[in-house]
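The next block holds one structure in the form of structure tokens; read it before the comments.
The values are calculated or read from the model by the stated rules, or taken from the named source; none is laboratory data. A quick note: this is a predicted structure, and the numbers were derived from the prediction, not measured. With ideal geometry, Cβ positions are generated from the backbone for all residues, glycine too; neighbour counts draw on all protein chains shown.
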């Protein structure tokens, strides 16, 4: 009887221990290669941004606007079109590319994605700010180039093997002439093999 009581106590203690346990969170290296699965991930985003930025800067195809002398070329960014079957945050890709290009000091960007906020500021300052410092609409610098593109994928699966191919195409277009002055693509291929047990 005493042994039975001890056994029940041990089981109860084990149950409490299991019940109180939870997920353990740790910080990892944001630059480390991510291999959780074959879906689009942080390593893919970083690879795309690094290669596109290096290609664009090395091309020297973005020229300063004669109407804006002494300044680096001004670029607007269009949303990267997602032609895959996945939900991919394409804005994160273009944001990273834009940030790296700005840091280079060779390219400037217009805040195309903040136009509604800017309009709100023009309206607010027009009524609330001192007229000597109030900023008004109609004085933005026009961008010379538009940066945009798309991401597509091909997914194939055969038994336990899943093959995913991504192609990201980016191009810079002269807004006035509609001439594409630079274009490049990045290809990524990933294989995932499903385990026989525990998959």
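Among the residues of region 116-161, those that are touching a strand residue (DSSP E or B) at 6+ places or on another chain (Cβ under 7 Å), surrounded by 13 or more Cβ atoms within 10 Å (Cβ to Cβ) and farther than 30 Å from residue 196 by Cβ comprise 143, 144, 145, 146, 147, 148, 149, 150, 151, 152. Taking each residue of region 159-186 that is on the phi < 0 side of the Ramachandran plot and free of Cβ contacts under 8 Å to residues at least 60 places away in the same chain and looking for partners that are surrounded by fewer than 17 Cβ atoms within 10 Å (Cβ to Cβ) and outside any strand (DSSP E or B) with beta-carbon atoms closer than 6 Å, six or more apart or interchain, yields 160/194. Before we move on, is residue 33 touching a helix residue (DSSP H, G or I) at 6+ places or on another chain (Cβ under 6 Å), within 28 Å of residue 192 (Cβ to Cβ) and modelled with pLDDT under 85? Yes: the conditions hold for residue 33.
Among the residues making up region 140-158, those that are free of Cβ contacts under 8 Å to residues at least 60 places away in the same chain and part of a strand (DSSP E or B) are 154, 156, 157, 158. Scanning region 144-190 for residues that are modelled with pLDDT under 95 and more than 22 Å from the chain's Cα centre (by Cα) gives 156, 157, 158, 159, 160, 161, 162, 163.
The set of residues in region 57-110 that are in contact with a helix residue (DSSP H, G or I) (Cβ under 8 Å, 6 or more places away or on another chain), in a strand (DSSP E or B) and touching a residue at least 60 places away in the same chain (Cβ under 8 Å) comprises 75, 76, 77, 81, 82.
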